[in-house]
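Single-structure report; data block below.
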Amino acid sequence: MTNAPRAYEEPMTRLAERTTRIAGSPTMKVTATVDRLRREGVEVIDFGAGEPDFSTPAAINAAAHAAIDQSFSKYTPVAGTAELRRTICERYRTDYGVEYKESEVITSAGGKQALFNTALALFGAGDEVITHAPYWPTLTEQVKLAEATPVVVHTSPEDGFAIRPRPILDAITPRTRGIIINSPCNPTGALISEADLAILAREAATREIWLIVDLCYEKLIYDAVAHNLPGVLNTYCRELSVICGSASKTYAMTGWRCGWAIGPAAVIAAENAIQSHATSNVSSITQKAVVAALGGSQAPVRAMLDEYRTRRDHLYDWLTADPRIRCRKPGGAFYLFVDIGDVLSADGIRTSTEFAQALLDEARVAVTPGEAFDAPGFLRISYATSMETLREGSRRLVEFVRAHAPRATVAG
Ligand code: GLU
């Protein structure tokens, strides 16, 4: 996404220069397109949405209802209520054995704002910030909005898109100010190992580089692999690291808008100042709901994870039944990241963006093209939808591939 188109074309208006450096979110665009088509009466299968299809668990809803009934409707501290920040500290203590104080936590309007605050608090003009591709496009755009320069290190499909420390360390220059790691990664589902993060964390500490870890999918990991990234950061670079998390994916709460940043008190104070002039506190009702989410039974999270696993396995089997649809089972998150290189050709469908558009036009299946994640030739397929939808959508996708694959490979 280095040659991003202008975000807006407004010939009559003089927009700030920064608007020329960023493009609108391509992931949100797919959701908007599906929404528009559905409002026009078109039946669309949505494999684009990066959000759980589950309803928010009942106990969380009940806490929100109670908050409304008790008129818990005033401003709260910008960073969130003490109760909520304490609950976040307790959750991370229980899950990862790390100790943070309330003054080291701020809640924001989703993980997105937590990451944005963090970028604004830590990066500025002349700074380079390294992250790994395929990436969630917001990460690099936020770095640009902070006037800094994203430096992208590509992970490889042959290696399962594993996030390795060596290429990241090789990308460090005297201008490097930060490294952003997203694990499990959206869109690949790849995880960084604790040992690999430890290598990065040690180097970050030595070279005084910020290490930011986006853990939005931290509770959506399918196998019992060690993934105590907060513990690693605490051991090696506590004073130079920020953990960003979110209630959105874990508790099916995307619309409620609550994420958080956890880090050194000085960073959190700076984020607090930024947020105090931008959005103030997360909705008071949402805060009560998130206390119930993080502080209550985690059984609904396990149930949703089990269901995602079953869906992943079925979708994988249905799609890879055609050898031209190539992918691995992701270790986390809820996306299959599919290599459709064998289906593209110079005289047919040339790019994954064209593929996604034609698939939507002809088969009424929405997916996110790899270009959105700096990974042309791939598609992101969200399985945060019902099994029935997955079955029908994958049937249409396979049929579409059969109809459009270059002749030379059809025989295989
Ligand atoms: N994180 C989700 C996605 O990648 C939601 C959309 C967004 O916020 O970009 O689709």
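The values are calculated or read from the model by the stated rules, or taken from the named source; none is laboratory data. Note that this is a predicted model, so its numbers are computed, not measured. For neighbour counting, all protein chains shown are included, and Cβ atoms are generated from backbone atoms with ideal geometry for every residue, glycine included. Side chains are part of the model used for accessible areas, which takes the heavy atoms of the whole protein and leaves out ligands, DNA and RNA. Shrake-Rupley method; radii C 1.70, N 1.55, O 1.52, S 1.80 Å.
Looking at region 201-237, which of its residues are among the basic types (Lys, Arg) and under 26 Å from PRO174 (Cα atoms)?
Of the residues in region 201-237, the ones among the basic types (Lys, Arg) are 202, 207, 219.
Residues satisfying the conditions are ARG202, ARG207.
Considering each residue of region 46-67 in turn, none proves to be of a type in the set (Phe, Trp, Tyr), open to solvent by 10 Å² or more (accessible area, probe 1.4 Å) and over 27 Å from GLU307 (Cα atoms). Evaluate the following for TYR8: is it aromatic (Phe, Trp, Tyr), open to solvent by 20 Å² or more (accessible area, probe 1.4 Å) and at pLDDT below 95? Here the answer is yes, as TYR8 does meet what is asked. Summed over region 383-397, the residues that are in contact with a helix residue (DSSP H, G or I) (Cβ under 9 Å, 6 or more places away or on another chain) and either of a type outside the set (A, V, I, L, M) or over 20 Å from PHE54 (Cα atoms) (or both) give a count of 9. Residues in region 22-68 that are polar (S, T, N, Q) and not in a helix (DSSP H, G or I) were compared, and the one that is nearest to the ligand (Cβ to nearest atom) is SER25. Restricting THR131, THR118, THR13, THR20 to those that are among the β-branched types (Val, Ile, Thr) and within 19 Å of CYS258 (Cβ to Cβ) reduces the list to THR118. Just one of the numbered conditions (1) farther than 26 Å from LEU191 by Cα; (2) in contact with a strand residue (DSSP E or B) (Cβ under 7 Å, 6 or more places away or on another chain); (3) open to solvent by less than 40 Å² (accessible area, probe 1.4 Å) is not true of VAL291: (2). Screening SER345 on (1) away from the ligand (no atom under 16 Å from the Cβ); (2) open to solvent by less than 40 Å² (accessible area, probe 1.4 Å); (3) part of a helix (DSSP H, G or I) shows it passes everything except condition (3).
Checking each residue in region 241-255 for being within 12 Å of the chain's Cα centre (by Cα) and open to solvent by 10 Å² or more (accessible area, probe 1.4 Å) picks out LYS249, THR254.
Quickly run through region 352-370 and pick out the residues that are surrounded by fewer than 19 Cβ atoms within 10 Å (Cβ to Cβ) and either of a type outside the set (A, V, I, L, M, F, W, C) or within 23 Å of the chain's Cα centre (by Cα) (or both). Answer for region 352-370, where residues must be surrounded by fewer than 19 Cβ atoms within 10 Å (Cβ to Cβ) and either of a type outside the set (A, V, I, L, M, F, W, C) or within 23 Å of the chain's Cα centre (by Cα) (or both): THR353, GLU354, GLN357, ASP361, GLU362, ARG364. Filtering PHE373, PHE337 for residues that are in contact with a helix residue (DSSP H, G or I) (Cβ under 7 Å, 6 or more places away or on another chain), more than 16 Å from VAL42 (Cβ to Cβ) and within 14 Å of the ligand (Cβ to nearest atom) leaves a single hit, PHE373.
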